[in-house]
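These notes concern the structure reproduced below.
The values are calculated or read from the model by the stated rules, or taken from the named source; none is laboratory data. Computed from a prediction, not measured in an experiment: that's the story for all the values here. When we count neighbours, we look across all protein chains shown, and the Cβ atoms used for this are built from the backbone with ideal geometry, even at glycine. Remember, those area values only see protein heavy atoms, side chains included, never the ligands or the DNA or RNA. Shrake-Rupley method; radii C 1.70, N 1.55, O 1.52, S 1.80 Å.
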Amino acid sequence: DFVTTGEDRSLRIWKQGECAQTIRLPAQSVWCCCVLDNGDIVVGASDGIIRVFTESLERTASAEEIQAFENELSQASIDPKTGDLGDINADDLPGREHLKDPGTRDGQTRLVKDNGKVEAYQWSVSEARWIKIGDVVGSSGATQQTSGKVLFEGKEYDYVFTIDVNESGPSYKLPYNISDDPWLTAYNFLQKNDLNPMFLDQVANFIMDNTKGQTLLSTSAQFSDPFTGAGRYVPGSSSGSSTIPAADPFTGAGRYVPGSASNAIAPVGGVDPYTGMGAYQSTAPKVENIYFPKKDAVTFDQANPMQILGKLKELNGSATEEHKLTEDDLIILEKLLSATCNTSAETPTAQQLQTLWRAVNWPEDIVFPALDILRLSVRHPTVNENFCSEKDHVQFIILLLKFLNPKGKQANQLLALRALCNCFVSQAGQKLMMEQRDEIMTQAIEMKSGNNKNIHIALATLTLNYAVCLHKVNNIEGKAQCLSVISTVMEVVQDLEAIFRLLVALGTLISDDTNAVQLAKSLGVDSQIKKYASVSEPAKVKECCRFVLNLL
């Protein structure tokens, strides 16, 4: 009926409400799955490998490949807390002779003790045998002297730290296994002992500093979690920029990602804090305010034209005859993309812009690659003038605002916001955005709900670009609206990059304007942002926040 994957590194096949088969994988976690038209099941795991499982004998792997998979699986280490193994008392476990008895259901797990180690086996109904799925860590049953484990509250741990929160107060015990996530351990420790959550970073860093080099799984490369857009944490591994560029929550890395560049490489040193490619690191004793007032608009420039065109062609195949583009149309859009992404010296033509306009009026479920081309194209002066001029601007704004519907598709919401941000690059676009400010901001603020960090960053950038324009003109009504938006969005946004851009917008709005400072204070913005003055990473958030607070 359906298949599921989970943090217990299993793929489960369900039939008639029951789990019919459980397949374990040699990885920390299984992230995603899909079922192909031929019935095969494809899964993607945290080790960066895609595996295909089939019922077809014709497509089944060779005996050698299956044996290699089982060998890899048997060498894995299992944390008893992440699986369905229950409480384990190693002294009570039987030996390998227990595996002579058949299992009662597919996926049933059985633990046996062999040479002082606890091994986990899983029953396969189809093969009528027990398959080893790994060694259980932290359950040897040996003494601390022989196993290196520390007993705490009846359970074994690799470490039990003593934490002193303050000199006069009591000390607390913090148990930790190398299979644990240090951040989750730190969070649970603070919750259990009713300690201030402000200590989260400090406790997590303490754990990592004191367990360096202790890893449960070593990986040759860091892979990007498709849900968070960040590299999955492996204890002891580098926390540097190891994520695959342009990991986007809508898709996984390697697929077309709206508004991103999968081949972008972060430059080393001298990174601009607004690009999101790296945090500003201060080396001077006195930190200089490089953040605001911001003078130029921030745009979304990254792109992989080949992936965008590939997705456009793919979706064009499923479009109705009314909306389908011809081969000539697709070539025209390819030339437009080339002209606007600076890969050719040609100027966009009227024919190219007409074709783009047809494409961005596609149905909502397939329009996002066309919106992405619009997002990139509107940065070009010719395109900006065309869509933002007195003649066509009404239709253009109506189109983009249509996608800022809280019930619409997130990819469309994101790209519409990014396209609005990119309108600010030219004079015509700035004029239009300022004229339509009230309507655009009223609609855009609806995007604050939800937890999509890319949408939040785009919303914060739109606010920042308005702040840049408003800093140049004395428009207290416009500043009041922007300050209100910043205050409202600050209440719900969690992502620190979005917070950073809102802080820069706030700083830009109140710079050299005592009226704006009073407005910000009346909205209580100063108390809203104080917590970001103590953020450890990225440093630019803390530094920018302190500069803003100095003005307030």
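Structure values in brief
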item	result
Listed residue pairs exceeding 21 Å between alpha carbons, taken from K313/K402; K295/K530; K295/K540	K313/K402; K295/K530
Accessible surface of region 305-551 [probe 1.4 Å, protein heavy atoms]: carbon and sulfur percent	49
Cα-based shape type of region 167-212, given that a ≥ b ≥ c are square roots of the gyration tensor eigenvalues and the cut on a/c is 1.5	prolate
Where T347, T211, T488 fall by accessible area, highest first, once all protein chains stay in place (1.4 Å)	T347, T488, T211
3J(HN,Hα) from dihedral phi, region 511-520, Karplus parametrisation 6.51/-1.76/1.60, rounded to Hz, x for glycine, proline	4, 6, 8, 5, 5, 5, 4, 5, 4, 4
Whole-number accessible area per residue in Å² for region 328-477, which is evaluated in the context of all protein chains at 1.4 Å	40
Karplus-derived 3J(HN,Hα), 6.51/-1.76/1.60, for each residue of region 483-490, Hz, glycine and proline x	5, 5, 4, 4, 4, 5, 5, 4
Solvent-accessible area per residue, Å², over region 150-211 with all protein chains present [probe radius 1.4 Å]	61
R129 accessible area, assembled protein chains, probe 1.4 Å, Å²	80
Cleavage-rule hits (GluC sites (Glu not before Pro)) in region 324-405: DSSP loop, at most 15 neighbouring Cβ within 10 angstrom	E346, E364, E390
For R24, residues with placed amide H under 5 Å, excluding near neighbours	L11
Amide proton proximity set for K132, modelled H, under 5 Å, gap of 5+	Q122
S77 - accessible surface, heavy atoms, 1.4 Å probe, Å² rounded to 10	40
Apportionment of accessible area to carbon and sulfur, region 150-211, percent (1.4 Å)	51
For region 439-465 versus region 8-58, the gap between their alpha-carbon centres in whole angstrom	37
Over region 305-551: Rg over Rh, Cα atoms, Kirkwood Rh	1.01
GluC sites (Glu not before Pro) within region 3-59, DSSP loop, no more than 11 other Cβ atoms inside 10 Å	E58
Region 376-469 - convex hull of alpha carbons, volume per residue in Å³	81
Rounded if a/c under 1.5, otherwise prolate or oblate - region 469-550, Cα gyration tensor axes	prolate
Heavy-atom surface of region 2-136, accessible at 1.4 Å and reported per residue (Å²)	55
Rounded to whole Å, sorted largest first: equivalent-ellipsoid semi-axes of region 384-430, Cα gyration tensor	21, 12, 6
Qualifying GluC sites (Glu not before Pro) in region 472-514, DSSP loop, other Cβ atoms within 10 Å at most 13	E491
Amide H partners (placed H, <5 Å) of D47, local residues excluded	Q28, S29
Accessible heavy-atom area order of S484, S377, highest first, probe of 1.4 Å	S484, S377
